[in-house]
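Colleague: Questions regarding the structure given below will be posed in turn.
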Amino acid sequence: MTTLLVTGGAGFIGGNFVLQAVADGLTVVNLDKLTYAGNLDTLRPLAGNPRHVFVQGDIGDRVLVSKLLAEHKPDAVVNFAAESHVDRSIDGPAAFVETNVVGTLALLEAARDHWKSLDGAARDAFRFLHVSTDEVYGSLGATGKFTEETPYAPNSPYSASKAASDHLVRAFHHTYGLPVLTTNCSNNYGPYQFPEKLIPLTIARALAGEKLPVYGDGRNIRDWLFVLDHCSAIRRVLEAGRVGETYNVGGDSERENIHVVRTICALLDAKRPLPDGRKRETLIEFVKDRPGHDRRYAIDSSKLQRELGWKPSVDFETGIARTVDWYLANQPWVRRVLDGSYRMERLGASA
């Protein structure tokens with residue numbers, strides 16, 4: 001593949017994917033609506049690069065998407081575009097249905113029509129890769145992991161909207177023959193993540209010496225996946241994934257939320273001590289749990305490892321240290337992101 005249409009490519013995972021793809025010699029047409037979590041600063045290293053074409057627009061705009069497909073003739077569409085924060089979905093679920101369900105439907109329709117217009121090798125090679133989440137599977141008990149056969153049981157408006165989009169992608173394959181691929185990933189972390197998510201929020205508040213709110217008892221477990229490992233998995237699925245299949249992508253790094261927060265505190269205490277000498281762990285404050293908070297996620301990515309030879313290369317301890325170092329070195333990026341639309345307040349408390 002030489003040319004990709006990437007949607008949501010100014011966001012956290014999409015931005016990292018675009019940076020990596022262009023660095024590897026691919027041409028990327030990058031369509032992003034630039035909502036609060038989309039940030040052109042992430043793409044600054046690509047300024048003036050002829051292999052990166054940025055277009056501000058909505059995946060729900062079929063006319064625009066069809067024009068981009070006809071003009072650039074990408075080998076694949078990679079769909080990162082989504083409203084993605086559980087807490088925001090609790091406060092305002094309608095936006096999640098609009099983007100994640102209605103928008104994905106429009107994108108699928110445009111991709112289907114474009115694919116049908118292709119001939120020969122171009123038609124055979126075309127792919128539509130949909131990036132989804134492990135949250136569609138619901139919550140696990142103390143044991144077991146999500147597999148590709150785990151029944152869907154979404155518990156938040158966000159995960160329900162992603163589950164709906166996953167089903168639409170599947171339906172477009174079985175109904176129209178569109179050559180689709182779906183990936184369901186565990187919790188991502190790393191550079192360029194919008195600071196409302198647990199890890200960058202904790203880093204930002206801990207640097208400022210502010211209280212560190214932790215939901216409930218802090219024992220909720222997530223499987224943490226370094227974002228560049230996720231990007232490499234998507235590239236591998238694009239290259240060799242079986243059409244119509246779903247591949248789970250996990251980091252094999254289950255950690256309790258409280259462990260993640262304490263690890264960040266210890267790293268920052270060593271790298272950037274507070275002026276008054278306090279240990280940042282004393283800033284942790286347990287707060288009322290958010291509604292519908294899933295207890296544990298864990299991904300079984302053995303299918304991806306077995307069939308396509310991918311496995312995560314960054315363990316949690318290495319990845320979290322790299323992430324803290326990145327945020328310490330890129331505080332101007334963080335300050336530009338915090339432009340007034342988000343000030344590290346707690347979201348999703350309503351029920």
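The values are calculated or read from the model by the stated rules, or taken from the named source; none is laboratory data. Note that the coordinates shown come from a computational prediction; the quantities given were computed from them, not determined experimentally. Using ideal geometry, Cβ is built from the backbone for each residue, glycine included, and neighbour counts are taken over all protein chains shown.
Colleague: I'm trying to understand the selection: among the residues of segment 176-217, which are part of a helix (DSSP H, G or I) and under 24 Å from residue 77 (Cβ atoms)?
Modeller: Residue satisfying the conditions is 176 alone.
Colleague: Going through segment 218-270 one residue at a time, which ones are hydroxyl-bearing (Ser, Thr, Tyr) and part of a helix (DSSP H, G or I)?
Modeller: 232, 263
Colleague: Is it true that some residue in segment 269-282 is surrounded by 14 or more Cβ atoms within 10 Å (Cβ to Cβ), closer than 24 Å to residue 229 by Cβ and among the charged types (D, E, K, R)?
Modeller: Looking for residues that are surrounded by 14 or more Cβ atoms within 10 Å (Cβ to Cβ), closer than 24 Å to residue 229 by Cβ and among the charged types (D, E, K, R), one finds none in segment 269-282, hence no.
Colleague: Among the numbered criteria (1) under 23 Å from the mean Cα position of the chain (by Cα); (2) more than 24 Å from residue 197 (Cα to Cα); (3) surrounded by fewer than 20 Cβ atoms within 10 Å (Cβ to Cβ), which single criterion is violated by residue 74?
Modeller: Looking at each condition in turn, residue 74 falls short on (3).
Colleague: Kindly indicate whether any position in segment 144-162 is of a type in the set (D, E, K, R) and assigned to a helix (DSSP H, G or I).
Modeller: Within segment 144-162, one or more residues are of a type in the set (D, E, K, R) and assigned to a helix (DSSP H, G or I).
Colleague: Go through (1) over 16 Å from residue 338 (Cα atoms); (2) without any contact (Cβ under 8 Å) to a residue 60 or more places away in the chain for residue 208 and report which single condition fails.
Modeller: Unmet for residue 208, out of (1) over 16 Å from residue 338 (Cα atoms); (2) without any contact (Cβ under 8 Å) to a residue 60 or more places away in the chain: (1).
Colleague: While we're looking at this one, here's another question. State whether one or more residues within segment 116-128 are part of a strand (DSSP E or B), surrounded by 22 or more Cβ atoms within 10 Å (Cβ to Cβ) and either out of contact with any Lys or Arg (no Cβ under 9 Å at 6 or more places or on another chain) or of a type in the set (Gly, Ala, Ser) (or both).
Modeller: There is at least one residue in segment 116-128 that is part of a strand (DSSP E or B), surrounded by 22 or more Cβ atoms within 10 Å (Cβ to Cβ) and either out of contact with any Lys or Arg (no Cβ under 9 Å at 6 or more places or on another chain) or of a type in the set (Gly, Ala, Ser) (or both).
Colleague: Another question about this same structure. For a quick check of your reading of the model, give me the residue pairs whose first member lies in segment 321-333 and is at pLDDT 95 or above, whose second is loosely packed, with under 15 Cβ neighbours inside 10 Å and in a helix (DSSP H, G or I), with beta-carbon atoms closer than 8 Å and at least 6 apart or on different chains.
Modeller: Correct list of pairs: 324/271; 325/271; 328/271.
Colleague: For segment 283-298, name all the residues that are modelled with pLDDT of 95 or more and either surrounded by 17 or more Cβ atoms within 10 Å (Cβ to Cβ) or part of a loop (DSSP other than H, G, I, E, B) (or both).
Modeller: Across segment 283-298, the qualifying residues are 283, 284.
Colleague: Just checking, how many residues over segment 1-12 are in contact with a helix residue (DSSP H, G or I) (Cβ under 9 Å, 6 or more places away or on another chain), outside any strand (DSSP E or B) and under 30 Å from residue 121 (Cβ atoms)?
Modeller: Of the residues in that region, 3 qualify.
Colleague: Turning to a different aspect of this structure: So which residues in segment 165-188 are within 14 Å of residue 99 (Cβ to Cβ) and either over 17 Å from the mean Cα position of the chain (by Cα) or among the basic types (Lys, Arg) (or both), if there are any at all?
Modeller: 168
Colleague: The conditions are (1) surrounded by 19 or more Cβ atoms within 10 Å (Cβ to Cβ); (2) among the small types (Gly, Ala, Ser); (3) modelled with pLDDT of 95 or more, and residue 66 fails exactly one of them. Which is it?
Modeller: All conditions pass for residue 66, except number (1).
Colleague: Let me ask you something else. For segment 205-237, give me each residue that is among the small types (Gly, Ala, Ser) and within 16 Å of residue 80 (Cα to Cα).
Modeller: 232, 233
Colleague: Which residues, taken from segment 88-100, are in a helix (DSSP H, G or I) and either crowded, with 19+ Cβ neighbours inside 10 Å or among the small types (Gly, Ala, Ser) (or both)?
Modeller: Answer for segment 88-100, where residues must be in a helix (DSSP H, G or I) and either crowded, with 19+ Cβ neighbours inside 10 Å or among the small types (Gly, Ala, Ser) (or both): 88, 89, 90, 94, 95, 96, 99, 100.
Colleague: Looking at 313, 350, which is the one that is assigned to a loop (DSSP other than H, G, I, E, B) and modelled with pLDDT of 95 or more?
Modeller: Only one candidate qualifies: 313.
Colleague: From the list 122, 163, pick out the single residue that is over 20 Å from residue 230 (Cβ atoms) and modelled with pLDDT of 95 or more.
Modeller: Of 122, 163, the one residue that is over 20 Å from residue 230 (Cβ atoms) and modelled with pLDDT of 95 or more is 122.
Colleague: A further question on this structure: Given (1) free of Cβ contacts under 8 Å to residues at least 40 places away in the same chain; (2) surrounded by 19 or more Cβ atoms within 10 Å (Cβ to Cβ), where does residue 188 come up short, assuming only one miss?
Modeller: (1)
Colleague: Shifting gears a bit: Among the numbered criteria (1) outside any loop (DSSP other than H, G, I, E, B); (2) modelled with pLDDT under 95; (3) not charged (D, E, K, R), which single criterion is violated by residue 305?
Modeller: (2)
Colleague: Okay, moving on. Can you name every residue in segment 15-41 that is surrounded by fewer than 23 Cβ atoms within 10 Å (Cβ to Cβ) and assigned to a helix (DSSP H, G or I)?
Modeller: Listed by number, the residues that qualify are 19, 20, 22, 23, 40, 41.
Colleague: Could you tell me which of the residues 82, 110 is closer than 21 Å to residue 337 by Cβ, surrounded by 18 or more Cβ atoms within 10 Å (Cβ to Cβ) and not basic (Lys, Arg)?
Modeller: 82
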